[in-house]
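Each reported figure results from applying straightforward, stated rules to the coordinates on display, with no laboratory input. Everything numeric in this text was worked out from a predicted model, so none of it was measured. A quick note on method: Cβ atoms are made from the backbone with ideal geometry, for glycine too, and the neighbour counts reach across all protein chains shown.
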């Protein structure tokens, strides 16, 4: 390489190894310091999503319980039988009650 009149610095392999080892140790220390913060942030996002999903499921559960109670009501069943299925109430003489012996 061109040094443009400067003397080339003689750096021993041991010095280079010390610098590399120092850089690696500093990077590892930074990772150990930063990782818990990253991990807790990730867990907070996960918790937030789970909480949101729980509230959505609770709301859906309420709606489904309301729908179930509506579908079980006798008024709804009667209206559906008459309007959708064409059922009619029996005439006075059509129903025969048989007594138990």
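Can you confirm whether the range 45-60 contains a residue that is in contact with a helix residue (DSSP H, G or I) (Cβ under 7 Å, 6 or more places away or on another chain), assigned to a helix (DSSP H, G or I) and surrounded by 10 or more Cβ atoms within 10 Å (Cβ to Cβ)?
There is no residue in the range 45-60 that is in contact with a helix residue (DSSP H, G or I) (Cβ under 7 Å, 6 or more places away or on another chain), assigned to a helix (DSSP H, G or I) and surrounded by 10 or more Cβ atoms within 10 Å (Cβ to Cβ).
Of the conditions (1) within 45 Å of the chain's Cα centre (by Cα); (2) not in a loop (DSSP other than H, G, I, E, B), residue 16 satisfies every one except a single condition; which number is it?
(1)
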